[in-house]
Structure formats: C-alpha cells, structure tokens
Amino acid sequence: MTDRYAVIGNPIEHSKSPLIHQRFAELTGEDIAYTRLLGSIDDFGGDVRRFLAAGGKGLNVTVPFKEQACALADELSPRAEMAGAVNTLIVGERGLRGDNTDGIGLVRDLRDNHGFDFSARRVLLLGAGGAARGVLQPLLDTGPGHLVIANRTASKAESLAARVNSTRVSARGLDELEGERFDLIINATAAGLTGALPDIPDTLLAKDGWSYDMMYASEPTAFVRWGRARGASRALDGLGMLVEQAAESFYLWRGVRPPTGPVIAMLKE
Ligand code: ATR
C-alpha cells in the first residue's frame, strides 16, 4: 500500500513540497503519496490526529504551526528541541516524533551545493525569530570563526545568543553593525514577506562575501537584490535550502537519501 505524507500549513496552496517529494519518490523508487493539508488555525492538533488516524505516516509542518507541532510531538530530536520548532513529524514506535530539518537544509545548501567553507569565517545572522532560532545550532556546528546575531530588537538577539552559550556567538541590534564586515550574511528576518529589507549598513560584506536569503520566490528577493547591488560574490536565495530540508525529511521517513541536484534544477526552470 502507498504510504501517505502531507505538508500542513495555513496558507498552503503555494507550497512546493508536494512537487519536491513526488520527484524524490520517482528518483528513489519509493512508493509514496504526498499532498497539501490546509490546517485550521484553532485545531491544528485535531487535523494532525485525523491525518494519522487515516493512515498518514508523516507530516511536514510549515507556517504558522511549527511551534504547535513541537508541543504536540511525543518526543523531540535534539535539534528540534533546540529550535523550539518542528517541521517534520514522523510516526514511530514510541509515538509521534518531532524533528527539525531547516538548519541542516541551510548548511547543506551553502556548504555542499555551493561550496561555502565556514571555517574561520565571520557570519552574520539577521533576525532572532523562529526562522533564526531554527538554524542557529546547525550553523554553529559548521565551526565558523564567529557568528553575530543581529536583530531590530536587540534584546531578542541577546536572548537567542544566550541559548547557545558560546564564546563564538555575540548579539546586537541592527543599528550596532556600522563598520563591521562579514564573509556571509544570512537573512532570517520576516522583512521579505512584505518586500522590505532589514535596515542594515551598505558596507557589511567583506571582500568576496556571500549573501543568503532564507526566503525563496520566483523573482529575485529584495535581499538577493541587496547582495547583488553590494557586490556579493554569491547572492543566493532559499531554493536550495527548501529542497535540502525536504530531502532530510524524506530520509527521516524512508531511510533513503534522495538526490537533490535534479530537483533544484527542476524548480529553477
Ligand atoms: P519567523 O518565525 O519567520 O522568524 P518571527 O518569529 O515573527 O518570524 O520573527 C520575525 C523576525 O523578523 C524578527 O527577528 C523580526 O525582528 P523583531 O524581533 O525586531 O520584530 C524580524 N523582522 C520582521 N520585519 C522586519 C523588518 N522590516 N526589518 C527588520 N527585521 C524584521
């Protein structure tokens, strides 16, 4: 029997996850069906339970339910616990397991797909909300020289930095970045949702520095355009991260690693 999976969110109609996972299934010969599920804002738990009762084997979770999914899971992976958010639910022997593949998705895209070498590099993470929290520990695990978390509200950057308690991490407000230089600037703010940019100095990129927008759109995002205009040697969007986080979810469910290159290429077309 075909195993059933879905992505649950609200809104959900524009999600590319069904396309990505169906392609993974074709490429690996796995027999799965993967659909979109519009979650109800006031009954996310009920929606999940009904999907699982009908034989569903796992779910991807997206905005605005990642924190609720974290609370719903019977057990959490260490990286989901650290993120305080779950983007992958897995039906297991000990109940419903929650995991988070966003951070490893970002790292695999930057390091493995694009060849960014984190060692001794200065990295700037913009934002201190759920998106930033989800990628912080996996970013630190790559061994950068230093990681600065900068947020419009400085106190939130400080609280986030305190979660990891590392001498390689510091925090500040966006208005305290003047004069600094970074080899990689990652945009994890929600500014792009309204086509806006975080208010940062024009001079933040080091020579040969890269910019990365965790968001993805069919047109270059505001932050990709920011990077290009400031001479970034690479100005990337979040398409590769989207496919890589999906691949890690697929692996958690099926025990098989799908190839991601052909799927990224397909989505670029
Ligand atoms: P998410 O889960 O997407 O991270 P969130 O938890 O609401 O969403 O956090 C949104 C993040 O984007 C925050 O870091 C927010 O900054 P504040 O903490 O100061 O609110 C940041 N953000 C949103 N709009 C922004 C803008 N126009 N400029 C800069 N930062 C912005």
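The values are calculated or read from the model by the stated rules, or taken from the named source; none is laboratory data. This structure is a prediction, so every number in the text was calculated from the model and none was measured. Cβ coordinates were reconstructed from backbone atoms using ideal geometry, including for glycine residues, and neighbour counts include every protein chain displayed. Areas reflect the complete protein model, heavy atoms only, side chains present, ligands, DNA and RNA absent. Shrake-Rupley method; radii C 1.70, N 1.55, O 1.52, S 1.80 Å.
Given bins 10 angstrom wide, list per bin the percent of all Cα-Cα distances in segment 12-140, short to long.
Taking every Cα pair in segment 12-140, the percentages come to 11, 37, 36, 14, 2.
Please report how far the C-alpha centroid of segment 1-53 lies from that of segment 171-217, rounded to the nearest whole angstrom.
33
Going by a ≥ b ≥ c, the root eigenvalues of the Cα gyration tensor, does segment 90-134 fall in the rounded group (a/c under 1.5), the prolate group (a/b larger than b/c) or the oblate group?
Judged from the Cα gyration tensor, segment 90-134 comes out oblate (a/c at least 1.5, b/c at or above a/b).
In whole Å, what are the Cα extents of the chain along the three principal axes, biggest one first?
Each principal axis gives a Cα extent; for the chain these are 59, 38, 33 Å.
Rounded to the nearest percent, how much of the accessible area of the chain (1.4 Å probe, protein heavy atoms only) is carbon and sulfur?
Numbers: 5940 of 12200 Å².
Carbon and sulfur: 49 percent of the exposed surface of the chain.
Sort out for me the Cα centre separation of segment 110-134 from segment 237-269, rounded to whole Å.
Value for the Cα centre distance between the two parts: 18 Å.
Quick check for you: with a 1.4 Å probe and neighbouring chains kept, what is the accessible area per residue of the chain, in Å²?
45
Compute the projected area of the convex hull of the Cα atoms of segment 103-237, averaged over all viewing directions, and report it in nm² to one decimal place.
The orientation-averaged projected area of the Cα hull of segment 103-237 comes to 7.2 nm².
Can you spot the lysines whose alpha carbon is less than 29 Å from LYS66's alpha carbon? Ignore those fewer than 8 places along the same chain.
Hits, sequence-local ones excluded: LYS16, LYS57, LYS156, LYS268.
Which whole-number percent gives the relative contact order of the chain, counting Cα pairs below 8 Å spaced six or more residues apart?
16
Sticking with the crude label model, points 7 Å out along Cα→Cβ, report the distance from LYS16 to THR2 in nm, one decimal please.
Distance between label points: 2.3 nm.
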